[in-house]
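Single-structure report; data block below.
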Amino acid sequence: MLKRVCLAGMVTVTMLSLCQSGQAQVFFESDWLYYGRDSDSGRNVINGPESKSLSEGDFDYTSGYRLTLGGSLGDFDVDASFSQLDAWESGSSGIFNNFISMDGVAVPGDPGVFNSFADYTALNQAASYGSPMMGNNELTEGERLRPFNDPIFGQEDLVYSTMNRSNFREFEINVGSRRNVNWYRFSVGYRHIQLDERSGLTVGGVFDALDVDDGNPYDGTINDDPNNGLSNAALISTGMAHIGGSADGYDAFFVTGDPMMAIAPDLVAYQMLGKANNQLNGAQATVALRIINGEWITVEGIGKAGIYRNSLSGVIQETVVGSGNDDSVYRRTLSSSDTGAAFAGNLGLRSTVSLTDYINVIMGYEVLFLSGVALGAEQNDGLSTDLLGATRYQVQNDGTMIAHGSNLGLEILW
């Protein structure tokens, strides 16, 4: 932010110097922007016939603004602009028809089709935890989230929701050939781009654990395999921290023929969030070619391209929240930062309609392309397991973004 303020100050001083020369023309432009963009995603968090990732649905169009201040003197132009768009947002929600296995293990009696948590998720790792201590051994049971329908406790669907939010802003300053002198113009300058993203998937349902050897539910008999649930030790072993409620994991639904002995099921919600922040700084070149040169209207094609240093950071956060019989809350947060090369390019058309000698209406259409950026929905691609079994995360910056839209504005010259 301080860098942009300093650059804006440099532009202001330049404009004042031009005005004092008595040979300058100063222009100010204010544009309304209306842009849409593409939607990408990384690997699945939920595998199976109803697979889900961090990104579901398309981004809506969003509005924004661009402010430009510049001046001409002799054969040269100097201009600076700031653009900001309201957040792009998308999301979806629905119901799973099949249960979600935490460890991907089928037990006797399971249908042939079901969903499962990806092996890099904390719930899969916890449900696959084996310990010499019988009370913490999860390998004897198939843990899962499922829908629920019980005459005493009612019905609970196995639900999901996704969310995506993306923020974009930029600042640039350019020096180049003067407008309206030739059928072409060229400039070079500095450009700063900020892209922040947040993507998430939330899944919620009834927790259960069935014996791997015979598929039996928890019925309180000696035939039950330990531990009839997902233990606190198993969850902690994945690197999750206990942050709320009682630190006792989650229990399977207790099946009994006596309603007086019924125990309410554990409702478990799992959420994965991917966050990414990009700060691009670098040089760019701009070329504009006049296509139509009328008395009252001009149309030109504009292209921009630049190579940037991207200072990026990312976060993957997993949270498991229990309610009902168990209220334990666990969370695992992994963060990473890096620097890398990025590319940004623009192609567009710009029409200028003269209302008076000093007032113009500006209309245009533009496509923006970014590569080498970190996208929120792709950050789970950076999760891996080291030789010691610990989960590691490296921020991913191999994403691309394409945004496009129109602009309508007013230009004033003096």
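The values are calculated or read from the model by the stated rules, or taken from the named source; none is laboratory data. If you're wondering where the values come from, they're calculated on a predicted model, not measured in any experiment. Ideal geometry is used to build each Cβ from the backbone, glycine not excepted, and the neighbour counts take in all protein chains shown. To get the accessible areas, we keep the full protein, side chains included, count just its heavy atoms, and leave off ligands, DNA and RNA. Shrake-Rupley method; radii C 1.70, N 1.55, O 1.52, S 1.80 Å.
Taking R0 as 56 Å, what's the FRET efficiency between Ser351 and Ala247 from their Cβ-Cβ distance, rounded to 0.05?
My answer for the efficiency is 0.30.
This model, with +1 at the C-beta of Lys and Arg and -1 at the C-beta of Asp and Glu, gives segment 1-413 a dipole about its Cα centre of some 2740 debye.
Residues whose amide H comes within less than 5 Å of that of Arg43, counting only those at least five positions distant or on another chain, are Asp381 (H built at 1.01 Å from N in the peptide plane). Note: relative contact order over segment 1-413, using C-alpha pairs below 8 Å and six or more positions apart, is 16 percent. Of Arg178, Arg392, Arg332, the order by accessible heavy-atom surface (1.4 Å probe, DNA, RNA and ligands excluded), from most exposed downward, is Arg392, Arg178, Arg332. Under 5 Å between amide hydrogens, which residues at least 5 positions from Ile263 or on another chain qualify, with H placed 1.01 Å from N in the peptide plane? Amide H neighbours of Ile263: Phe254.
Considering the options Phe253, Pro108, Gly409, tell which one lies farthest towards the positive end of the dipole of the chain, charges being +1 on Lys and Arg and -1 on Asp and Glu at the Cβ, about the Cα centre. Positive-end residue among those listed: Gly409. Once all protein chains are placed together, Glu295 keeps about 150 Å² accessible to a 1.4 angstrom probe.
Identify, among Gly372, Gly74, Ala233, the residue whose Cα sits farthest towards the positive end of the charge dipole of segment 1-413, taking +1 on the Cβ of Lys and Arg and -1 on the Cβ of Asp and Glu, with the dipole about the Cα centre. The residue sitting most towards the positive pole is Gly74.
Full extension of the chain between Tyr358 and Ser323 gives 6.0 nm of extra length, using 0.36 nm per residue less the Cα-Cα distance. Translational diffusion coefficient of segment 367-414 (Stokes-Einstein, Kirkwood radius from Cα pairs, 10 °C, 1.306 mPa s): 113 µm²/s.
Proximity of backbone amide H atoms, modeled 1.01 Å from N, is registered between Gly249 and Asn232 at under 5 Å, excluding neighbours fewer than 5 places apart on the same chain. Taking only the Cα atoms of the chain, the radius of gyration and Dmax are 28.7, 97 Å. Surface composition of the chain: carbon and sulfur make up 57 percent of the accessible area, probe 1.4 Å.
Length gained on full extension, Thr339 to Glu295, computed as 0.36 nm times the residue gap minus the Cα-Cα distance: 11.0 nm. Rounded to the nearest 0.05, the FRET efficiency derived from the C-beta distance between Tyr65 and Asp219 at R0 = 45 Å is 0.10. Heavy-atom accessible surface of Trp296, to the nearest 10 Å², is about 150 Å², with a 1.4 Å probe and all protein chains retained. This model, with +1 at the C-beta of Lys and Arg and -1 at the C-beta of Asp and Glu, gives segment 290-343 a dipole about its Cα centre of some 260 debye. Dipole magnitude for segment 112-214: about 1620 debye, using +1 per Lys or Arg Cβ and -1 per Asp or Glu Cβ, origin at the Cα centre.
Computed on protein heavy atoms with a 1.4 Å probe, the accessible areas place Phe96, Phe369, Phe114 in the order Phe369, Phe114, Phe96, largest first. Computed over segment 272-353, the alpha-carbon pair-distance distribution with 5 angstrom bins reads 3, 11, 13, 10, 10, 9, 9, 8, 7, 6, 5, 4, 3, 2, 1, 0, each value a whole percent.
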